[in-house]
Each structure stands twice: as structure tokens, then as C-alpha cells.
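Worksheet: the structure to be examined is printed underneath.
The values are calculated or read from the model by the stated rules, or taken from the named source; none is laboratory data. Keep in mind that what you see is a predicted model, and the values were worked out from it rather than measured. Every residue, glycine among them, receives a Cβ derived from its backbone with ideal geometry; neighbour counts consider all protein chains shown.
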Amino acid sequence: MVLTEKQKELVEQFGVLNEKYGLPPAECRVWGLFLVADKVELTFDEIMETLNLSKGGTSNALKRLQMTNHIDYITKLGDKKRYFRCKLNNWTQMTKENFEKFDELNIILKKILRNRNSKTTSFNNDLKEVTEFLDFIYNEMLLAINKWEAKN
């Protein structure tokens, strides 16, 4: 499979952005490839050759993307190959789950705040502001998701 220069550029931009969030480079590029490729189902070999990755790098990236529910695969009768594809129908659910992690973090931060030494007033006030901000963001995101779901 041959990518256009623009597609290559977009895969790289997507990859660099997601690396900033701690994802491995190969995984970021593979995920980006699924989003820009003209085909929606890609074989292992197509991915490996298009991105010039090793077998191990390709395999690890595909495993992680499957574990995180970003991709899945299908098989075709009479064909031994697996055809990988990007999962787009679960992004709303994944977004909810990610924001639930913020709520879990905030619960722990509030426990920490309740158990902090009262002599560190400035730090405690800053931590309280963080928890209030996270409460606000979490509630606003849930409202936005609920509106989106009601609309669709």
C-alpha cells in the first residue's frame, strides 16, 4: 500500500501527538495509519511494510491497540490472514471511561486533602482548587456526552 505525502504527514502528526500522551511510537503510527489509509481493513504485512516496522514492533503495536479497544480484526472464509480495522463506534464509551478515571483520581485527591497537615494552608488550598476544577470538568463532560447521545 502506498500513502500520499499528505497521508504520511498526517500519520506522523497523529503519531507525534499521541507520543506526548505516553504511547509508544509504533503504536501511534499504526493507529494513525488506520485513520488515514484508503482501505479500512489492513493486513499485518500491509501495516508492517507501509510503516517500515519490524515484525515485533508491528505485532506489539497491534496487540496494544486491540487491548485498548482501538482496533479489532476480522477473518475471511478461506483466507488465513487477519484484517485489522479501526474501531470508531466505541469512542463515546471510551471517552466516558477516560473521564471516569478523572473522577477516580479526584476521589483519591479529596481523601489526600482531608488527611493533609493543616499547616500547609497554601498547598492545601491549591489542591482543593484542583479537586473543584476536576469536579467541574467531569460534570460538564458528562452533560456534554449525555447531550451528544440524546442527539444521536
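Just a few scattered comments:
- Every residue from the range 120-148 that is β-branched (Val, Ile, Thr) and under 22 Å from the mean Cα position of the chain (by Cα): Ile137, Ile145
- Test: residue in the range 49-59 that is within 16 Å of Arg29 (Cβ to Cβ), in the same structural domain as Arg29 (by TED's automatic domain parsing) and in contact with a Ser or Thr (Cβ under 6 Å, 6 or more places away or on another chain): no
- Taking the listed residues Lys119, Lys96, Lys110, Lys128, the one that is basic (Lys, Arg) and surrounded by fewer than 12 Cβ atoms within 10 Å (Cβ to Cβ) is Lys119, with no other qualifying.
- Residue count for the range 1-20, restricted to those that are among the basic types (Lys, Arg) and assigned to a loop (DSSP other than H, G, I, E, B): 1.
- Any hit, the range 25-48, residues being among the hydroxyl-bearing types (Ser, Thr, Tyr), at pLDDT below 95 and out of contact with any helix residue (DSSP H, G or I) (no Cβ under 6 Å at 6 or more places or on another chain): no
- Close Cβ contacts (under 7 Å, 6 or more residues apart or on different chains) running from residues in the range 135-152 that are touching a residue at least 24 places away in the same chain (Cβ under 8 Å) to residues that are of a type in the set (D, E, K, R) comprise Tyr138/Asp103; Ile145/Lys96.
- Considering residues of the range 24-81 that are surrounded by 16 or more Cβ atoms within 10 Å (Cβ to Cβ) and among the charged types (D, E, K, R) only, the residue nearest to Phe14 (Cα to Cα): Arg29
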